[in-house]
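Notes for the one structure printed next.
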Amino acid sequence: MFRFGNPEYLYLLLIIPLLAFIQLYFLVQKKRALKRFGSPELLEHLTPELSKVRPVLKFYLLLLVLMALIFTLAAPQFGTRVQTVQRKGIELIIALDVSNSMNSQDIEPSRLSRAKQAISRLTDQLVNDRLGLIVFAGQAYTQLPITSDYASAKMFLSNISTDIVPTQGTAIGAAIRLAMQSFSAQEDVNRAIIIITDGENHEDDAMGAAALAAENGIRVFTVGMGSSSGGPIPMGGSGSFLRDREGNVVITKLDEAMLMQIASAGNGEYIPANNIRAGINDLVKELSELEKSEFESKTYSEYDDQYQYLALVALALLLIEFVILERKNRLLKNIDLFTVENGRNKRENDKI
């Protein structure tokens, strides 16, 4: 398996075509300037040692050196061995509410931002567990299939917004049912679903879905985002808020009673997360009480750095560029293999 240890340096490759374009531009300007002084054929006879090819060759050699150095900085690596390791953990699906009400700022900076922070903190405390991510509003969608790659989970998490689901609403039951289908097929693994929402369920029977999950041995935990006093729902970036048909500003409030009922039906716990650190610590404590099961995981255990080869290529190209002179070599300029060959052919023809 191949990867770059520092892929951000690859953006520097964008300067290669830019430098090539600048070089071409100056060559065109140089030719135009020479034409003002006289005929190109005459100037070529007056400067017999001047080479047209060598300066261009030296420039493109330097471009290759720069390209090799950029790839060197990016740290190319090859995975040398795949190991199948036995891990002990649980399978965990996080279902994140991305309805518009999660943009409310009754907890700063917003309910959704606080929820993403909570998931990030939770991910940092997981060890050997498998993690999946679902987003939901009026419908539920799988954002990240069950995996032990926590870095990928954080990457997907950073791109989540309330615009990711086209249908608005809060279908907690749909999220629970999709989560139940998202676990692996392996048996004898303890599983849990974490619903992170403000609890305003408008779509379906969330408690019935939680009870069904509990019947299948899956515990359902709920994490409340918001405050009991609530707040308005921002709409757009102009400072306007969602209003009802009468023109009144809609106030969205955390429905703790609903979340407690869902957690109770799912044989789990309700955890208020107004204080992220305390809430996530409580959640991790609850999850740690679940018995860890063994499951196999394939990992690339080692990556060997290969940047030294590209560094050697860059050094070799730089040496070649250094020894190539921009002007023709005075000692070798009179050697013309084709002229010698033509002279010999002429002598042979004279003999005939």
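Brief remarks on what is shown
- Test: ILE134 is farther than 15 Å from ALA179 by Cβ, in contact with a strand residue (DSSP E or B) (Cβ under 8 Å, 6 or more places away or on another chain) and at pLDDT 90 or above: no
- Residues of the range 130-144 that are surrounded by fewer than 23 Cβ atoms within 10 Å (Cβ to Cβ) and either in contact (Cβ under 8 Å) with a residue 60 or more places away in the chain or under 22 Å from PRO232 (Cβ atoms) (or both): GLY138 alone.
- Criterion applied to SER113, SER120 was being among the hydroxyl-bearing types (Ser, Thr, Tyr), assigned to a helix (DSSP H, G or I) and under 22 Å from ILE233 (Cα atoms), and the one residue passing it is SER113.
- Subset of the range 96-128 (residues that are basic (Lys, Arg) and under 26 Å from VAL250 (Cα atoms)): ARG111, ARG114, LYS116
- Filter pass, PHE241 being free of Cβ contacts under 8 Å to residues at least 40 places away in the same chain and within 16 Å of ARG111 (Cα to Cα): yes
- Checked against (1) in the same structural domain as LEU283 (by TED's automatic domain parsing); (2) over 24 Å from the mean Cα position of the chain (by Cα); (3) touching a residue at least 12 places away in the same chain (Cβ under 8 Å), GLU108 passes all but a single condition, namely (3).
The values are calculated or read from the model by the stated rules, or taken from the named source; none is laboratory data. What you see is a predicted model, and the numbers here were worked out from it, not measured in a lab. Quick reminder, even Gly has a Cβ in these numbers, built from the backbone with ideal geometry, and neighbours come from all protein chains shown.
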